[in-house]
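Enquirer: Below are the structure tokens for one structure; questions will follow.
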Amino acid sequence: MTPRYFPLDGTDFRLNLGLQALKDRSWLDIDAQFEPDIAEKKRLLAGQREKVFAEMPGTEKAQQEILEQVRAERACHFPHISSNETISDDSLLVTAACLVQEDLVLMREQEGEYALAAACVCFPTGWNLLEKVGKVMHAIHQPVPGLNERIGPPIDRFFRHLKPGKKVERFNWGLYDSSALFQPGWWRHTRPVDTSITAKNIGEKITFRVERQTLQRLNNAGDILFTIRIFNNTLAEICERKDRTLRLRHALHTMPQEMRAYKSLPRYEQLIDDFLLQANP
């Protein structure tokens with residue numbers, strides 16, 4: 001399967017905002033994985049709701065606006081998707097999240113800083129929702145090596161100055177030994193090394209995972225909607241083109257050691273590097 005997004009430009013790895021304005025493009029991205037992704041969300045909400053949904057008091061009005069935004073965006077950009085809503089949930093944010101493949105996060109201004117006020121995050125990449133609720137961005141980003149030091153202040157400025165009507169997107173990426181959508185921190189960090197991964201199968205066993213993130217201000221000037229959508233490809237699919245292979249290898253070679261450890265790359269880095277070298281000699 002051809003990667004939907006490949007956010008590597010061939011330059012050295014660096015932490016940056018990388019924000020791009022969404023003009024005529026939608027902040028939603030609905031594709032052939034829609035039905036299985038929604039089914040997985042519903043499964044997680046039924047069995048582990050406390051791990052994928054949280055809300056603070058007083059967010060009901062903002063949740064209602066998010067639901068209305070989701071319905072309007074779907075009708076405008078994806079009219080072919082059935083509009084029959086079969087979700088019955090007390091939470092408006094959960095209802096909205098079960099209509100799209102994106103996870104939905106409400107960020108609310110509190111005394112000049114933005115805190116996570118409500119969220120339905122069924123597909124986390126190495127973090128735990130319950131640890132983030134009510135916390136400001138500096139605390140949310142604390143586990144990521146160098147993030148607060150490098151781009152913490154620009155993130156704060158961007159949130160404060162994001163204008164109503166403007167929508168932006170950015171991307172994160174990583175290599176993981178699982179294609180599971182639900183990868184909370186406690187699950188990822190306790191996983192043993194997968195000894196079944198070898199030089200012969202690493203191309204299929206390692207997943208290139210991309211997060212497409214979007215941000216937009218809600219009508220309530222103190223609230224921002226942050227969305228996260230996951231896209232998975234095998235390492236072999238990424239390496240079907242030489243330019244992607246070279247860009248990925250360069251990014252890995254220029255990534256700081258503490259970031260490599262955070263992303264769990266040392267587990268398989270020699271196998272990955274060997275595969276990249278052999279994929280497009």
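Here, each number is a calculation from the coordinates, and none is a lab measurement. Predicted model, so just to flag it, every value in this text is computed and none were measured. Cβ atoms come from the backbone with ideal geometry, glycine included; neighbour counts cover every protein chain shown.
Enquirer: Can I get the semi-axes of the stretch 237-281's equivalent ellipsoid? Compute them from the C-alpha gyration tensor as square roots of 5 times the eigenvalues, in angstrom, largest first. Don't skip to the answer; put the middle values down first.
Expert: Working: eigenvalues 76, 24, 12 Å².
They are 20, 11, 8 Å, listed from largest to smallest.
Enquirer: Let me ask you something else. What full-extension length gain, to one decimal in nm, is calculated for Lys61 and Glu111 as 0.36 nm per residue of separation minus the Cα-Cα distance? Working shown, then result.
Expert: Details: separation 50, 0.36 × 50 = 18.00 nm, distance 1.97 nm.
Between Lys61 and Glu111, full extension yields 16.0 nm more.
Enquirer: Per residue of the stretch 225-238, what does 6.51 cos²θ - 1.76 cosθ + 1.60 with θ = phi - 60° give for ³J(HN,Hα)? Whole Hz please, x for Gly and Pro, Karplus curve as stated.
Expert: 9, 10, 10, 9, 10, 9, 10, 10, 9, 6, 4, 4, 5, 4
Enquirer: Treat each spin label as a single point 7 Å out from the Cα along the C-beta direction, and report the Arg14 to Leu277 distance in nm.
Expert: Inter-label distance under the simple model: 2.8 nm.
Enquirer: Now, a different point. With a 10 Å Cβ neighbour count serving as the proxy for reagent exposure, in which order, fewest first, do Thr125, Thr234, Thr198 appear?
Expert: Values: Thr125 21, Thr234 18, Thr198 10.
In increasing order of surrounding Cβ atoms, one gets Thr198, Thr234, Thr125.
Enquirer: Would you mind putting 241-247, 159-165 in packing order, based on average other-beta-carbon counts within 10 Å, highest first? Before the final figure, lay out the partial values.
Expert: Values: 241-247: 16.0, 159-165: 11.4.
Highest to lowest by the protection proxy: 241-247, 159-165.
Enquirer: Which net charge results for the neighbourhood of Glu169, defined as the other residues with beta-carbon distances under 15 angstrom from its beta-carbon, given Lys and Arg at +1 and Asp and Glu at -1?
Expert: For residues surrounding Glu169, the net value is +3.
Enquirer: Then there is this: Could you give the length gained on full extension between Ala180 and Ala236, defined as 0.36 nm per residue of separation minus the Cα-Cα distance, in nm?
Expert: Details: separation 56, 0.36 × 56 = 20.16 nm, distance 1.72 nm.
Full extension from Ala180 to Ala236 adds 18.4 nm.
Enquirer: For the stretch 20-279, what is the charge dipole size about the Cα centre, in debye to the nearest 20, if Lys and Arg each add +1 at the Cβ and Asp and Glu each add -1 at the Cβ?
Expert: On the way: 36 positive and 36 negative charges, 128 e Å.
Once rounded to the nearest 20, the dipole reads 620 debye.
Enquirer: Classify the stretch 20-279: rounded, prolate or oblate, from the alpha-carbon gyration tensor (a ≥ b ≥ c, eigenvalue square roots; a/c under 1.5 rounded; otherwise prolate if a/b is larger than b/c)?
Expert: Details: a/c = 1.72, a/b = 1.48, b/c = 1.17.
Note, shape of the stretch 20-279 comes out prolate.
Enquirer: Pull out a ≥ b ≥ c, the square roots of the eigenvalues of the alpha-carbon gyration tensor of the stretch 1-148, then state rounded if a/c is under 1.5, prolate if not and a/b is larger than b/c, and oblate in the remaining case. Walk me through the numbers on the way to the answer.
Expert: Details: a/c = 1.55, a/b = 1.11, b/c = 1.40.
Since a/c reaches 1.5 but b/c is at least a/b, the shape of the stretch 1-148 is classed as oblate.
Enquirer: Could you give the length gained by full extension between Cys76 and Asp90, i.e. 0.36 nm per residue of separation minus their alpha carbon distance, to one decimal place? Can you show the working numbers first?
Expert: On the way: separation 14, 0.36 × 14 = 5.04 nm, distance 2.60 nm.
Difference between extended and current length: 2.4 nm.
Enquirer: Under 18 Å Cα-Cα from Lys135, which lysines qualify once same-chain neighbours fewer than 8 residues away are excluded?
Expert: Partners within reach: Lys51.
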